[in-house]
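Chemist: The following block contains the structure, expressed as structure tokens.
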Amino acid sequence: MYSNYREFLNAVIATENEELVEYAKAEIDKLNHTNEVRRAKMAEKSAVKQAEKEPLRQALYAVVTDEPKTATMLIEEAGLELKPQSVPSLMKALVEAGQVNKVDVKIKGKGTQRGYVRA
């Protein structure tokens, strides 16, 4: 009938019973507080993760040149121990900031892969 607790509480508020309305309003306030605390905690965790990734991001950025390089090439040149699958997430902030551009690179025997060049 109701897809979540908040919808149920809003339906209770729409009724004429004052006791139920007060209870429902109090519960919605609790839900809002819980969501606010959760959002703050997640933002804090996200900031810590980004701070941990920054040295890796800068090491990758240091080896990006005007010549397109794939994730594997960047990892080898930077001397990092990363999986190539993690490079796009690390480079995303640099691409969004306009410091690095994504390009397609043709690798003999492997086909077309994603590469990175300085903007």
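Chemist: Report in % the part of the accessible area of the range 8-119 that belongs to carbon and sulfur, leaving out ligands and nucleic acids; probe 1.4 Å.
Modeler: On the range 8-119, the fraction of accessible area on carbon and sulfur atoms equals 52 percent.
Chemist: Given that just one value was derived from the coordinates, which of (1) 22.9, 84; (2) 18.4, 67; (3) 24.4, 74 is Rg and Dmax of the Cα atoms in Å?
Modeler: Given (1) 22.9, 84; (2) 18.4, 67; (3) 24.4, 74, the structure-derived one carries the label (3).
Chemist: Identify which of 56, 31, 94 has the largest mean-square fluctuation in a Gaussian network model of the chain, with springs joining Cα atoms closer than 10 Å.
Modeler: Of the options given, 31 has the highest mean-square fluctuation.
Chemist: Across the chain, how many lysine pairs, 8 or more apart or on two chains, come within less than 20 Å at their alpha-carbon atoms?
Modeler: 21
Chemist: Could the peptides 72-81, 39-48 be put in order, highest first, of the mean number of other beta-carbon atoms found within 10 Å of their residues?
Modeler: Values: 72-81: 15.4, 39-48: 10.0.
Most protected by this proxy first, the peptides run 72-81, 39-48.
Chemist: Next question, about the same structure. Give me the 1.4 Å probe accessible area per residue for the chain, excluding ligands and nucleic acids, in Å².
Modeler: About 73 Å² of surface per residue is accessible.
Chemist: Counting only residues 5 or more places away or on other chains, whose amide H sits under 5 Å from the amide H of residue 105 once H atoms are built in the peptide plane?
Modeler: Here the answer is 113, 114, 115, since their amide H atoms fall under 5 Å of that of residue 105.
Chemist: So what's the net charge close to residue 25: Lys and Arg +1, Asp and Glu -1, counting the other residues with Cβ under 13 Å from its Cβ?
Modeler: Numbers: positive: 6, 30; negative: 18, 19, 22, 27, 29.
Local net charge: -3.
Chemist: Suppose the chain between residue 50 and residue 118 were pulled fully straight at 0.36 nm per residue; how much longer would it get relative to their current alpha carbon spacing? Could the numbers behind the result be given before it?
Modeler: Details: separation 68, 0.36 × 68 = 24.48 nm, distance 2.16 nm.
That pair, residue 50 and residue 118, stretches by 22.3 nm at full extension.
The values are calculated or read from the model by the stated rules, or taken from the named source; none is laboratory data. Because the structure is predicted, anything quoted here is derived from the model rather than measured. In this analysis, Cβ positions are derived from the backbone assuming ideal geometry, glycine residues included, and neighbour counts consider all displayed protein chains. Accessible surface is based on the protein model in full, side chains and every heavy atom, while ligands, DNA and RNA are left aside. Shrake-Rupley method; radii C 1.70, N 1.55, O 1.52, S 1.80 Å.
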